[in-house]
Amino acid sequence: MITTWRLLFPINGANLLCTRRLATTQDSIVSKLKRNIEKDILPPKPKKPLNAFIQYFLSIKEQLHKEYPNCTQKDILKKVAEQWTQVDPTIKQNFQKQYMEQQSVYKQKLMDYKNSITDDQQMLIQNQLIKKEHALERSQIKQKLADLGKPKRPLTAFFLFMQDNKMLKDSQVSQKDWMKNISKEWKNLTMEAKNKYTAEAARLTEKYKTDIKKWEKNMIQEGHQDLLKSTLKSKRNTNIDKHKE
């Protein structure tokens with residue numbers, strides 16, 4: 001469904017940026033996934049204290065926004081960084097002292113937090129992490145397959161109908177309401193009118209079957225057999241068995 005939706009409504013710059021971010025290192029992404037898992041299934045984790053510079057920044061941020069209302073957050077931060085180099089050493093020491101005190105409290109809270117986690121929660125974390133790692137792997141593979149020119153699944157009869165009508169969408173109508181209206185129109189469409197889209201969907205499906213077979217043959221010839229669906233399924237099953245051991 002999501003893939004079909006993207007065919008109808010191509011990704012914008014923000015989505016493209018998200019896609020590019022998938023290229024970050026595996027270790028970094030897995031670490032982020034683990035933090036998200038802990039947030040979902042564990043008690044709130046103690047937050048790290050803010051360093052001396054950030055505490056100083058927060059203490060004068062509101063004042064600077066009033067003095068420079070037209071400055072962006074980036075410009076404000078730049079001004080704070082410049083001021084920080086000229087701040088009285090005594091003031092800096094006070095902020096640093098606050099940070100060290102908060103850091104000491106944080107370490108104790110973190111130790112208590114880790115000791116409070118049960119074996120069952122640890123097991124749950126591990127299982128959830130494995131699932132999210134697999135989801136991430138599938139997402140990265142999907143992007144690689146697209147880069148290698150894998151044919152896209154064709155639209156269904158309904159989505160072909162929706163594609164024909166999307167240019168007529170009233171900008172004042174919400175996406176949700178438009179989808180509801182277009183679904184009602186499809187339901188009330190005559191069988192003769194529907195047959196036009198059904199026949200086109202069938203033609204595209206047959207073309208897709210031919211194209212995907214040709215593409216898979218090329219992938220094997222080019223040494224990309226490890227990316228084919230059957231190979232990936234076998235690999236995932238092997239990895240699951242290893243984790244169970």
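Beta carbons closer than 6 Å, at least 6 apart along the sequence or on distinct chains, pair a first residue in the stretch 67-88 that is closer than 17 Å to residue 52 by Cβ with a second that is of a type outside the set (Asp, Glu) and surrounded by 14 or more Cβ atoms within 10 Å (Cβ to Cβ) for 80/57; 84/53. For residues in the stretch 110-132 being surrounded by 10 or more Cβ atoms within 10 Å (Cβ to Cβ) and of a type in the set (S, T, N, Q), which is modelled with the highest pLDDT? Ranking the candidates gives 116 first.
Within the stretch 165-192, the set of residues being over 36 Å from the mean Cα position of the chain (by Cα) and either of a type in the set (S, T, N, Q) or under 24 Å from residue 153 (Cβ atoms) (or both) comprises 188, 189, 190. Residues of the stretch 133-162 that are at pLDDT 90 or above and assigned to a helix (DSSP H, G or I): 157, 158, 159, 160, 161, 162. Residue 59 meets the stated requirement of being at pLDDT 90 or above, surrounded by 12 or more Cβ atoms within 10 Å (Cβ to Cβ) and in a helix (DSSP H, G or I). Per the listing 58, 148, the residue uniquely touching a residue at least 12 places away in the same chain (Cβ under 8 Å) and not charged (D, E, K, R) is 148. Annotation note: of 212, 141, 117, 125, the sole residue that is in contact (Cβ under 8 Å) with a residue 24 or more places away in the chain, over 30 Å from residue 226 (Cα atoms) and of a type in the set (Val, Ile, Thr) is 117. Restricting attention to the stretch 184-209, the residues that are in contact (Cβ under 8 Å) with a residue 12 or more places away in the chain and either in a helix (DSSP H, G or I) or touching a Cys at 6+ places or on another chain (Cβ under 8 Å) (or both) total 11.
The values are calculated or read from the model by the stated rules, or taken from the named source; none is laboratory data. This is a predicted model, so every value here is computed, not measured. Methodologically, a virtual Cβ is constructed for each residue, glycine included, from the backbone with ideal geometry; neighbour enumeration extends over all protein chains shown.
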